[in-house]
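Beneath this line is the structure, given in structure tokens, with notes to follow.
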Amino acid sequence: MGVITVLSTIVALGVIVFGEPGDLPERQQCNNCCYGIPGVPGIPGAAGIPGQPGYNTDSCSTSDIKGAVGQPGAKGDQGPIGPKGPPGPTGQKGEWGLTGERGPRGAPGSCSCPKRNIKEFAWVNINSELESGIIKTVAFTKQESETLLRVAWVGNLRLIPKSGTYGCRRWYFTLNGSECKTPAPIDAQIYENTNRDDSHRPAPFEGTCSGISKGAVNIALNIGGCDAAHGHKAQGDAYTGWLSTSRIIVEEI
């Protein structure tokens, strides 16, 4: 409150009590107990020392004072797996890696296929001048009825015309006394029209035959005349397996 305000208040009241009238010195006392005018207020004193921080006015509790930092809490449980994100971009192609060391050798393999049923018959220097009949006969055991028989001749043959103009001979296989019917006979035919051409040439031939039952099969190499219906009446001088190795190969397939 300002000095002027204090003085105004004092004048309005008209009386300021400093004490009892008898307390004044004798020379200052008056008969009507009238008081003197108050003096001017003194200079305000210096500010006091600041007080301690107050408490929270809502709770007035000492628990609102900030305490020291506490210890870290225990690790919480793992959260649920989030949704699958979109595929990332395709990365760049990397460099070729180094060649690895050679691995150990594996164990021997095994074959689940049936054992091959094949047989070869060979003769040195057959030198047959037979012109009609059976030249050689071999025996073979067929294991299944549904399979085919492959029969092959490997050797040289020769034919010289007897008439001086031409000649023809036919070499063919029979199976159990008959020529193959399915799909066709297994044969080779030589037609010669050169006078006295005594050339012995390699002449291999082969074929397959079906419809042969399993079991023993008698296979024969035969020689005979050519088909007379084609005008091949002159037969010629034949020769089979001259000074060389000849073979008959039989295989079940």
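Before moving on, here are some points about what is shown:
- Taken together, the residues in the range 134-146 that are more than 21 Å from PRO202 (Cα to Cα), in contact (Cβ under 8 Å) with a residue 24 or more places away in the chain and open to solvent by 30 Å² or more (accessible area, probe 1.4 Å) amount to 5.
- Residues that are under 30 Å from VAL217 (Cα atoms) and of a type outside the set (A, V, I, L, M, F, W, C) within the range 85-127 comprise SER112, PRO114, LYS115, ARG116, ASN117, LYS119, GLU120, ASN125, ASN127, listed in sequence order.
Rundown of residues vs (1) modelled with pLDDT of 90 or more; (2) open to solvent by less than 100 Å² (accessible area, probe 1.4 Å); (3) under 30 Å from TYR191 (Cα atoms), yes/no style:
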{"position": "PRO87", "(1), (2), (3)": "yes, no, no"}
{"position": "THR90", "(1), (2), (3)": "yes, no, no"}
{"position": "CYS113", "(1), (2), (3)": "no, yes, no"}
{"position": "ILE126", "(1), (2), (3)": "yes, yes, yes"}
{"position": "LEU130", "(1), (2), (3)": "yes, yes, yes"}
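- Selection within the range 115-124 - among the charged types (D, E, K, R) and exposed (fewer than 11 other Cβ atoms within 10 Å of the Cβ): LYS115, ARG116
- Wholly within the range 199-243, strands (runs of 3 or more DSSP E) carrying at least 1 residues that are modelled with pLDDT under 95: 215-225, 237-240
- Residue list for the range 184-196, restricted to those being open to solvent by 60 Å² or more (accessible area, probe 1.4 Å) and modelled with pLDDT under 95: GLN189, TYR191, ASN193, THR194, ASN195, ARG196
- Any chance SER61 is at pLDDT below 55 and of a type in the set (Gly, Ala, Ser): yes
- Filter result (open to solvent by less than 40 Å² (accessible area, probe 1.4 Å) and of a type outside the set (A, V, I, L, M)) within the range 198-209: SER199, PHE205, GLY207, CYS209
- Within the range 151-161, not a single residue is among the basic types (Lys, Arg) and open to solvent by 40 Å² or more (accessible area, probe 1.4 Å).
- Any hit, the range 169-183, residues being out of contact with any Asp or Glu (no Cβ under 6 Å at 6 or more places or on another chain), assigned to a strand (DSSP E or B), open to solvent by less than 70 Å² (accessible area, probe 1.4 Å) and among the polar types (S, T, N, Q): yes
- Yes/no for THR165 being at pLDDT 90 or above, on the phi < 0 side of the Ramachandran plot, exposed (fewer than 13 other Cβ atoms within 10 Å of the Cβ) and not in a strand (DSSP E or B): no
The values are calculated or read from the model by the stated rules, or taken from the named source; none is laboratory data. Predicted, not measured: the structure shown is a model, and the values here were computed from it. Virtual Cβ from ideal backbone geometry, glycine too; neighbours counted across all protein chains shown. Remember, those area values only see protein heavy atoms, side chains included, never the ligands or the DNA or RNA. Shrake-Rupley method; radii C 1.70, N 1.55, O 1.52, S 1.80 Å.
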